[in-house]
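Q: Have a look at this one.
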Amino acid sequence: MATIRIPTTMRSLTGNKGEVRVTGATVGEVLNNLEKAHPGIGARVFDDKGAVRRYVNVFLNDEDIRFLQELSTPVAEGDRITLIPAIAGG
């Protein structure tokens with residue numbers, strides 16, 4: 001089971017929880033199970049082709065999954081996944 005850190009902009013979809021625990025063998029499975037547990041959050045993370053949206057960064061234990069095995073990156077018990085959406089500002 002992994003812990004997912006939920007950004008403030010997505011917490012309304014998780015009952016205002018900053019962290020949730022989700023099962024899965026890979027980052028992709030964990031994120032898909034996150035959507036099952038908290039419907040609607042998947043649309044904020046994935047595009048219509050099932051890839052992580054360009055403006056969402058996903059880290060596994062402080063490592064960007066783009067430099068690992070992306071959604072196929074294995075997840076172990078106790079791992080932390082962090083979602084960081086890019087925020088535009090002025």
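The values are calculated or read from the model by the stated rules, or taken from the named source; none is laboratory data. The structure presented is a predicted model; accordingly, all values stated were derived computationally and were not measured. A quick note on method: Cβ atoms are made from the backbone with ideal geometry, for glycine too, and the neighbour counts reach across all protein chains shown. All accessible areas refer to the heavy atoms of the entire protein, side chains included, with ligands and DNA or RNA removed. Shrake-Rupley method; radii C 1.70, N 1.55, O 1.52, S 1.80 Å.
Q: Show me the strands (runs of 3 or more DSSP E) entirely contained within the chain in which 1 or more residues are touching a residue at least 60 places away in the same chain (Cβ under 8 Å), open to solvent by less than 60 Å² (accessible area, probe 1.4 Å) and not basic (K, R).
A: 2-5, 80-85
Q: Among the residues of segment 70-90, is any under 12 Å from the mean Cα position of the chain (by Cα) and modelled with pLDDT under 95?
A: Scanning segment 70-90, I find at least one residue that is under 12 Å from the mean Cα position of the chain (by Cα) and modelled with pLDDT under 95, so the answer is yes.
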